[in-house]
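Laboratory data are not the source of any read-out in this text; all were calculated from the coordinates shown. Remember, it's a predicted structure, so these values are computed and weren't measured experimentally. In this analysis, Cβ positions are derived from the backbone assuming ideal geometry, glycine residues included, and neighbour counts consider all displayed protein chains.
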Amino acid sequence: MERLRLISQHIFALLANAYWNFPTKGPIYQGLGKYVCLPGLNCYSCPAAVTACPLGALQNFLATIRFNMAAGSARPGFYVIGILSLVGSFIGRMPCGWLCPFGLIQDWLFKLPGPKFRIWRWLRYMPYFFLLFFVILLPLFALDQAGFGMTWFCKFVCPAGTLEGGIPLLLMEKGLRRAAGWLFVHKLVVLVLLLIWSVLASRPFCRTICPLGAIFGLFNRVSWLQLKFDTGRCLKCRACNTICPTDVSFFDGTDDINSPACIRCMRCVSACPGASVRIEFAPYLKSSGEECQSDGCKKDNTCHAQQG
Ligand code: SF4
Ligand code: SF4
């Protein structure tokens, strides 16, 4: 399963960045692919990007919603919200684990040798702060004199934008290099700190900043794809928690197995020696009288529903 996930991550990273003739044909691809929102973080301004970033598109939509509503051209914004809701309601936060190019970069960095640290659990709530303020409220209400908002998260926070868009564009365009000021220095500092943190801890951006992960995480408990944990089979060996890239701890009841923090990498499914973790599709559609799948258990599936 882990090999399959790695293949999927690399394929999506290549597909999202398939415009390799940018040195000859212009720094940014502007074709039809840019109408497609990849459900992962991949900067629109990356010279090789052929798809749009849903977070950038969402902020653009909110920053210009007044004018777009008046002109009857708000549909692209609703399309982005529709795509995120559709993907989330099917597979929850799985895109973070299986196709996000910035998630892949963090996975690479964490494989580098060095001391490894845990991330404080309370920082799990920070992505909701970034989602609420930098993606929704500020673009919506902090307006310039003409009545337009800004893409605050892209402009002041997003390290993926600096790495994939800002730095390559500056290297390619002399004029941009001259214009780069303190804002770029600030973004560069954020990026460098995040890259160092990614060597020391697993997926720090996904766990403490990413508003896209926060959106998908909200669907984890209700999505069509669900993880199920059978406490009766658990050996309390902790292998699932040790291997988990986002430190989800369901074996001891600290977290729900469908916690919003879970990126659905499915490592715990493969690692569990007791086969206590399994994948289910739409378990809430099954009849409650179905026989329990725990060894020797005669109850119906409601006991699983209680376990989460
Ligand atoms: S709980 Fe399991 S599927 Fe979720 S992130 Fe952790 S290891 Fe991956
Ligand atoms: S890896 Fe499986 S058996 Fe071990 S603690 Fe986790 S759920 Fe229980």
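Please report, in debye to the nearest 20, how large the charge dipole of region 143-237 is about its Cα centre when each Lys and Arg carries +1 at its beta carbon and each Asp and Glu carries -1 there. Working shown, then result.
Working: 11 positive and 4 negative charges, 62 e Å.
The calculation lands at about 300 debye.
Using alpha-carbon pairs under 8 Å, 6+ residues apart, how would you state the relative contact order of region 2-216 in percent?
Numbers: 310 pairs, mean separation 59.2, N = 215.
28 percent.
Which order do peptides 182-190, 243-251, 84-92 fall in by mean Cβ count within 10 Å, highest first? All intermediate terms of the calculation are to be shown ahead of the outcome.
On the way: 182-190: 13.9, 243-251: 20.3, 84-92: 18.3.
Put in order of decreasing packing, that is 243-251, 84-92, 182-190.
What does the highest-first list of 200-213, 112-125, 132-145 look like by mean Cβ count within 10 Å?
In decreasing order of mean packing, 200-213, 112-125, 132-145 become 200-213, 132-145, 112-125.
Using 16 Å as the cut-off for backbone N distance, which residues of region 233-251 belong to the label zone defined by a point 7 Å from the Cα of LEU123 along Cα→Cβ?
245-248
Given charges of +1 on the Cβ of Lys and Arg and -1 on the Cβ of Asp and Glu, with all other atoms neutral, how large is the dipole of region 106-173 about its Cα centre, in debye to the nearest 20? Present the calculation step by step, with values, prior to reporting the outcome.
Details: 6 positive and 4 negative charges, 112 e Å.
Dipole about the Cα centre, nearest 20: 540 debye.
Quickly work out the ARG278-to-LEU15 label distance, labels modelled 7 Å from Cα along the C-beta direction, and quote it in nm with one decimal.
Distance between label points: 2.9 nm.
I need the peptides 216-224, 5-13 ranked by packing, meaning the mean over residues of other C-beta atoms within 10 angstrom, with the highest value on top. Working shown, then result.
Values: 216-224: 20.3, 5-13: 16.4.
Most protected by this proxy first, the peptides run 216-224, 5-13.
Pop the C-beta distance of ARG3 and LEU143 into the FRET formula with R0 = 35 Å and round what comes out to the nearest 0.05. Spell out each step's value before the answer.
Working: r = 49 Å, r/R0 = 1.39.
Efficiency for this residue pair is about 0.10.
Which distance in nm do the two modelled labels at LYS174 and GLN30 give, with both placed 7 Å along the Cα-to-Cβ direction?
Between LYS174 and GLN30, the simple spin-label model gives 2.3 nm.
7 Å from Cα along Cα→Cβ at both ASP252 and ILE83: what's the point-to-point distance in nm?
Result: 4.1 nm between the two label points.
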